[in-house]
Amino acid sequence: MGRHADTSAGRRSLQLTPQVLIALAVAAVVLLAGGITWWAVGAGSGDCDRTAVVRVAVAPELAPVAEQVLTDAEGLRPEDCASARVTAQEPVQTVGDLGALDAGDLPHLWVPDSSLWTARAQDSALEAVGSVAASPVVLATSQAAVDALGWADGAPGWAAALAGEQGIAVPDLATSAEALTALSAVRTALGGGEEADNAVVQTVLAAGRGPAVSPADALRDGSEGSPDAPLVPVSEQEVWAANADAEDVQLVAVYPAEGSPVLDYPLVRVGTASAPEAAAVDAAVRALTSDAARTAALEAGFRDTEGTAPAGAGAAGIQEAAPQALQLDPAEVQALLAQLSELAAPSRILTVFDISTSMEAPAGDGTRATLARDAAKSTLTLVPGNFALGLWFFAAELEGDRDWTEAVPTRALEAEVGGTLQRDLLDEELDTIPDRLSPGGTGLYDTTLDAVRAARGDFDPTAVNSVLVVTDGTNEDSRGVDLDELLETLRSEADPERPIKVIGVALGPDADLGALEQIADATGGAAYSAVDPTDLQTVLFDALRQR
């Protein structure tokens, strides 16, 4: 379904209940479990002492366009001793990186799908220098559903469309600008105020009617022509892309009466490039705002800033004429999210990181340990302040016979401890992961059992309580419980009044994903796999939000 992953597939299951949807809206920014893809375009010639590499992070659906445009662009050719590296990265992940990583690890240029993301990164040095493409936000469903609803001659407004009897499949509000702008459109169309706020809440609750349906399944139903296909807030380009290879187009874009918010794909400079990268960055800016870029975007199903229809619009389930642009105030969007956050139960999570020596194994440009550090720090910047997080580290017999040590007790991220915020304490301890590695092996089972017991003893009835375990290995503590004993104990000690979910993240190909899956099943949790190093931040953020 384009960039909205089907979270019901694979090894995890996230239910889009109203509580989940509201909780995800609190983050208001992540990440899909598809990882990062990058292309190096251009290359230095043998005569170059040094090749200037421009790092460009682009919303995944636009990344092929950026790669096409930057390949052999003037100023980025081998004879120019410059090149561009295009990274397909979810905007929420870039927001996290901006708040956690060093300047040398950040992109020089960033193209998110919406300027709403840049508003979330106000503390970063960002400069908007143009727009690469545009795409209105629409409601996707089947033509049969449109006919049955009586919308063939025009759809109602946002509030009426999303509060009706037709099912709704809302994309992940923490990662989807489309879903976020759709809710904001309801509020804006109703003129703001208490009535509009109530309508937004009703829309979120309406999304929970009946069985949970993923956006991917809803789009498939629409493509198959089901008259019951739910409404899905997506970009117009996603409808175009879904229909690109269809012989019989059934999926269509619905344009609510008040107009549509527009994803504006801003081109943003990040920080200040130093020579010789500065000239290469300027060349990349020129290329991405050129007529060639405009043409490539139109051919990929996007509109330009003037609303020009993409190639083959009429046959792709979308209309030729651009809908009226519905302007949203970023400040009001943030206020809306703050209001939704008050309705959500926070999460209380004890996070447990493997520090056995196997974490020294190479991964990406560093080791598994540095990868875990950077991914965790980036993810931490995205977690709402009303979440409570604690931090343990573990390896076999780390402290005497005990396999774990507590680095930071579980507290709300916005809590102050001796004048220091809990969030900052966690950030400082995460920095120490590469220096903490222990030769004792992996004490997975005893640590998991102790962590569940500790979380239950520290239970908060107003929150969703869980344990998040990140490991790259298998249990190597022969003196502790075995897997069967662990599972039996977890089931026998389970307390319906104090439920604790275990969420396991298997880092790398050597991690025991099978054991994590069994532990997750025994506790009602979930198991994730991050075999590709670039998947870890995506998976980690997704796991932290698993409710």
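Readers should treat all values here as calculations from the given coordinates under stated rules, not as data from a laboratory. Every value quoted in this text rests on a predicted model; they were computed, and no experiment measured them. Methodologically, a virtual Cβ is constructed for each residue, glycine included, from the backbone with ideal geometry; neighbour enumeration extends over all protein chains shown.
In table form, for the structure just shown:
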{"quantity": "About the Cα centre, charge dipole magnitude for region 431-547 (Lys/Arg +1, Asp/Glu -1 at Cβ), debye", "calculated": "420"}
{"quantity": "Long-range amide H partners of GLU399 with built H, under 5 Å", "calculated": "TRP404"}
{"quantity": "Debye, to nearest 20: dipole size of region 36-184, +1 on Lys, Arg Cβ, -1 on Asp, Glu Cβ", "calculated": "140"}
{"quantity": "Residues with amide H under 5 Å from that of ILE503, placed H, sequence gap 5 or more", "calculated": "VAL467, LEU468, VAL469, ALA526"}
{"quantity": "Exposure proxy ranking, count of Cβ atoms within 10 Å, fewest first, for TYR255, TYR265", "calculated": "TYR255, TYR265"}
{"quantity": "Distance in nm between pseudo-label sites at ARG436 and VAL417 (7 Å out along the Cβ direction from Cα)", "calculated": "1.2"}
{"quantity": "Full-stretch length increase - ALA361, ASP510 - with 0.36 nm per residue and alpha-carbon distance subtracted", "calculated": "52.6 nm"}
{"quantity": "Sparse-neighbourhood loop sites, chymotrypsin sites (Phe, Trp or Tyr not before Pro) in region 103-188 - DSSP loop, at most 11 other Cβ within 10 angstrom", "calculated": "none"}
{"quantity": "DSSP beta bridges in the chain [antiparallel fraction, %, rounded to 5]", "calculated": "45"}
{"quantity": "Shape call, region 308-404: gyration tensor on alpha carbons, a/c limit 1.5", "calculated": "oblate"}
{"quantity": "Loop-located chymotrypsin sites (Phe, Trp or Tyr not before Pro) in region 392-492, at most 16 other Cβ atoms within 10 Å (DSSP)", "calculated": "PHE459"}
{"quantity": "Cβ charges +1 (Lys, Arg) and -1 (Asp, Glu), total dipole of region 404-490, debye", "calculated": "180"}
{"quantity": "Dipole of the chain, positive end: most advanced residue of VAL92, GLY307, PHE459 [Cβ charges, Cα centre]", "calculated": "GLY307"}
{"quantity": "Positive-end residue of ASN386, LEU371, GLY514, charge dipole of region 345-544 with Cβ unit charges", "calculated": "ASN386"}
{"quantity": "Global form of region 345-544, assessed from the alpha-carbon gyration tensor, a/c cut-off 1.5", "calculated": "rounded"}
{"quantity": "Antiparallel bridges, percent of DSSP beta bridges restricted to region 320-439 (to nearest 5)", "calculated": "60"}
{"quantity": "Separation in nanometres of the label points that stand 7 Å from Cα toward Cβ, at ASP245 and ASP424", "calculated": "5.2"}
{"quantity": "Spacing of the two label points (7 Å from each Cα toward its C-beta) at ARG402 and SER274, in nm", "calculated": "4.4"}
{"quantity": "Fewest-first sequence of SER235, SER438, SER176 by Cβ atoms within 10 Å of each Cβ", "calculated": "SER438, SER176, SER235"}
{"quantity": "ALA52 long-range amide H proximity, modeled H, under 5 Å", "calculated": "ALA82, SER83"}
{"quantity": "Relative contact order (%) - region 331-480, alpha-carbon pairs under 8 angstrom, separation at least six", "calculated": "33"}
{"quantity": "Residues of region 212-244 with amide N under 18 Å of the 7 Å Cα→Cβ point at THR308", "calculated": "237"}
